[in-house]
Structures are given as C-alpha cells and as structure tokens.
Amino acid sequence: MPVDTRGRGGAVRAVVAVLRVALAALVLAAVAASYVDTWKRIGGPPNPFNFFGYFTIQSNLLGAAVLVLSASALLRGAPRGGLVPLLRAAATTYVVVVGAVYALLLAPLGDIGGISVEWANTVLHIAAPILLPLDWILAPERAPIPWSRLWALLVYPAVWIAVVLARGATDGWVPYPFLAPENGAPAVFAVCAGIAATILGVGALVFAIGRIRLRSRKPRARGSRSREPRSRGSRSRGSRSRGSRSREPRAAGSRFREPGTR
C-alpha cells in the first residue's frame, strides 16, 4: 500500500526516498564515467572482469541497488524487517570499508590508488562512504537485525577474495597491490584476515547503531504511564469513601456504651 505523502511522516519518507534515488543515480554516473574514461585511455572497451572486479565498484553498485530497493520499500509502506534492513546494513558496511581502505592504503599511493576521473573518485571513495552511513543513522525506518546474522556480512567478501586470489595465481591480475601474490602468502593472508576483521567490526557497529536508534524511541511509549496519577486519584477517592465507612464502627461503638450509661 503506497505511503500517503500528505502527512508530515509521509512527506519525510518521500524526501528520503528521493534522496536515496538521487544518490544511487550519482553512484551509477560515477561508475559510468570511470568506465568511459578507461575505454578512452586503453583505446577500447575494458575487460569487464577487470573493471568490475574492484571491490570499490562492486560495493558501490550494491549500495546503489540497495538505495533504490529501500526507497521503493519506503514509498510502498512495506513493513519493517525482512531482508531489506540486512541488505542496507551490508551495503553500508562495505562502502565504509571502501572509504577506510582508500584513506589508509590507497590514497597515499597517489593517482594509481584511485580513479582517474576526479569527481567519480570522490563519489565512490568519499561521498558514498559518508552518505550511506548517514542514511542508515538518520533513516525513518529500520528494524533490529539479529546478531546471529552478522556473519552473513562475510559471505560476499569471502567470495570476492577467493576469486581475486584465484585470478592472481593464474593470470596475475589483482585489483589492489596489497593482494599481489608477489607479497608472499603470509602477507596476503594477513591482509585477508584484516579485511574480514574490519568488516565484522564495522558491521557490528552498524548493527549496534540500528538497535540504539530503536531503543531511543521506547521512552515515548512509557509516556502513556503518566496517566497513572489520575487512576491513583480515583483510588484515593475510593479510599475516602472507604474512610467514611470506617466511621461506622464508631457509631457502633456508641451503642456498646449504652450499658455503661445505665
């Protein structure tokens, strides 16, 4: 059932949905601009397995798809829960890791560490890793995700790493220099373990933020208990009436004095 955008809540949801679609379009435009630039530089269409083999490209495309999906669910008034919150948490985690890896490991390398199209590099490595977490924190809808699903965030990165290592051992292509076979198995294994630990750490933070957001709303429900004094007042009235009844024994007591008066 579509959300009524005439009310305040509906208007907020409509604005959030539009912003999500706009960000998804910006990400897609950045990926397209990078693809066209690569085509021009090499003089032909780039190898899709190479171009789309970067974690940056894949994570941002996943983030764009999840933004559109969550915007549609928001406008349709879909119930909270299900698969959408988990997908949002996963996409948020991956793009945050992309931003962190770029800032710590790739940006210091200069031009070879990023995308040659400057604005596209900014969108994919800086803007998206900032805006998706903001959407996760400030979004009007969210459902708590069970902690048992945290391990699901490792499925996609594990498959990606396996493919990258297989390609590095066969045709020698790797998307990032820190995964090159020339670094040695121990060094590559340490990098992979670090990536897994980072994803779990960031994912746990994303999960926790979602739960904190929900818990902050509970005091509103407790506000309904403020009506208790009224009910207590009614009880006090009852106690007054009971108090009036308690005088009856005194009247009864006066009858016991009658023998003494005699």
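Each residue of segment 22-37 in order: what ³J(HN,Hα) in whole Hz does its phi give by Karplus 6.51 cos²θ - 1.76 cosθ + 1.60, θ = phi - 60°, with x for Gly and Pro?
Going residue by residue, I get 5, 5, 4, 5, 5, 5, 4, 5, 5, 5, 5, 5, 5, 5, 5, 5 Hz, with x marking Gly and Pro.
Going by a ≥ b ≥ c, the root eigenvalues of the Cα gyration tensor, does segment 46-159 fall in the rounded group (a/c under 1.5), the prolate group (a/b larger than b/c) or the oblate group?
In terms of gyration-tensor shape, prolate.
To the nearest 20 Debye, how big is the dipole of segment 8-220 about its Cα centre, given +1 on the beta carbon of each Lys and Arg and -1 on that of each Asp and Glu? Walk me through the intermediate numbers first.
Values: 17 positive and 7 negative charges, 295 e Å.
The dipole magnitude comes to about 1420 debye.
Taking other Cβ within 10 Å of each residue's Cβ, how do GLU141, GLU118 sort, fewest first?
GLU118, GLU141
Provide Rg and Dmax in Å for segment 8-220, with only Cα atoms included in the calculation.
Reported Rg and Dmax, both Å: 18.2, 62.
With the dipole of segment 76-199 worked out from charges on the C-beta (+1 for Lys and Arg, -1 for Asp and Glu) around the Cα centre, which of PRO133, TYR102, ASN183 lies farthest toward the positive end?
The residue sitting most towards the positive pole is PRO133.
So between ALA208 and THR170, what do we pick up on full extension, going 0.36 nm a residue minus the alpha carbon distance?
Extending this stretch completely gives an extra 9.6 nm.
Work out from phi, with θ = phi - 60° and the Karplus expression 6.51 cos²θ - 1.76 cosθ + 1.60, the ³J(HN,Hα) of each residue of segment 122-131, listed in order in whole Hz, and give x for Gly and Pro.
Whole-Hz 3J(HN,Hα) from phi for segment 122-131: 5, 5, 7, 9, 10, 5, 4, x, 9, 6.
From the phi angles alone, apply the Karplus equation (6.51, -1.76, 1.60; θ = phi - 60°) to segment 155-167 and give each ³J(HN,Hα) in whole Hz, x where the residue is Gly or Pro.
My calculation for segment 155-167 gives 5, 5, x, 5, 5, 4, 5, 4, 5, 4, 5, 5, 5 Hz in order.
Quick note: the coordinates plus some simple rules give every number you see, no bench work behind them. What you see is a predicted model; the values in this text were computed from it and never measured. All Cβ positions, even for glycine, are placed from backbone atoms using ideal geometry, and neighbour counts span all protein chains on display.
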